[in-house]
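Down below is the structure, laid out as structure tokens.
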Amino acid sequence: MNDKGHLPEERRTFLKYLIGGGLIGFAGSVLYPLFAFLKPPKQADVEVTSASAGKLSEFEKGTGKIVRFGNKPLLVIRMPNGEVKAFSATCTHFDCTVQYKKDLEIIWCACHNGKYDLNGKNIAGPPPRPLDEYRVVMKGDEILISKKA
Ligand code: FES
């Protein structure tokens with residue numbers, strides 16, 4: 001401090017950095033554990049070769065449902081003509097879960113209005129590529145889904 005009661009410029013600058021650094025460190029020590037808690041843990045892919053999508057007799061025509069294939073969601077659609085199709089339910093844009101829109105007869109992604117036709121082809125919006133299609137096999141009344149070769 002000089003004789004007029006002011007800190008020299010270098011000391012003032014040093015104190016600014018010291019206080020600023022302390023605040024940043026404090027904020028980091030509070031926010032990092034919060035973000036680490038909120039971030040979902042990484043899951044390893046669960047390798048499966050087939051999965052059941054339930055019974056055909058309980059699957060109404062013109063509806064779709066999400067089923068698990070390992071740890072991935074699949075969209076299984078029973079078309080109005082009765083045919084069953086299965087696609088990856090993960091949008092090829094930013095990984096939102098897609099859904100079957102009965103009224104428009106499309107597969108729709110609500111996140112950014114992405115649209116796919118009922119062959120999984122991206123037809124509108126930002127999705128850059130088609131959805132992966134899975135093979136559907138009937139075993140009696142049971143719908144079995146497997147990866148296409
Ligand atoms: S995540 Fe599906 S359109 Fe963007």
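The values are calculated or read from the model by the stated rules, or taken from the named source; none is laboratory data. Only a predicted model underlies this, so the values are computations on that prediction, with no experimental measurement involved. Cβ: placed from backbone, ideal geometry, glycine included. Neighbour counts: every protein chain shown. Side chains included, ligands, DNA and RNA excluded: accessible areas come from the protein's heavy atoms. Shrake-Rupley method; radii C 1.70, N 1.55, O 1.52, S 1.80 Å.
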- Message: Compute the angle between helix 9-38 and the longest alpha-carbon principal axis of the chain, please, reported from 0 to 90 degrees and rounded to the nearest 10.
- Response: 20 degrees
- Once the Cα gyration tensor of the chain is diagonalised, what are the square roots of 5 times its eigenvalues, in whole Å and ordered largest first, as equivalent ellipsoid semi-axes? 56, 18, 12
- With respect to the cross-link table entries 39/61; 39/148; 55/147; 39/85; 16/39, which display a Cα-Cα separation exceeding 31 Å? 39/61; 39/148; 39/85; 16/39
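Quick check: with the 1.4 Å probe, what order do 68, 78 take by accessible area, largest first? Present the calculation step by step, with values, prior to reporting the outcome.
On the way: 68 135, 78 35 Å².
These residues rank, largest area first, as 68, 78.
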- Task: Could you rank 133, 58 by how accessible they are, 1.4 Å probe, largest area first?
- Result: 58, 133
- Query: In nm, what is the difference between 0.36 nm times the number of residues separating residue 148 and residue 19 and their Cα-Cα distance?
  - Reply: 40.4 nm
- Query: Any idea of residue 102's accessible area? Nearest 10 Å², probe 1.4 Å.
  - Reply: 120 Å²
- Rounded to the nearest 10 Å², the 1.4 Å probe accessible area of residue 104 is 100 Å²
- Query: How much solvent-accessible surface does residue 93 expose, in Å² to the nearest 10, with a 1.4 Å probe and all protein chains in place?
  - Reply: 50 Å²
- Item | Point-to-point label distance, residue 141-residue 111, nm (Cα→Cβ direction, 7 Å offset) | 3.7 nm
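Quick check for me: using +1 on Lys/Arg Cβ and -1 on Asp/Glu Cβ, what's the dipole size of the stretch 40-149 about its Cα centre, in debye to the nearest 20? Can you show the working numbers first?
On the way: 17 positive and 13 negative charges, 20 e Å.
The dipole magnitude comes to about 100 debye.
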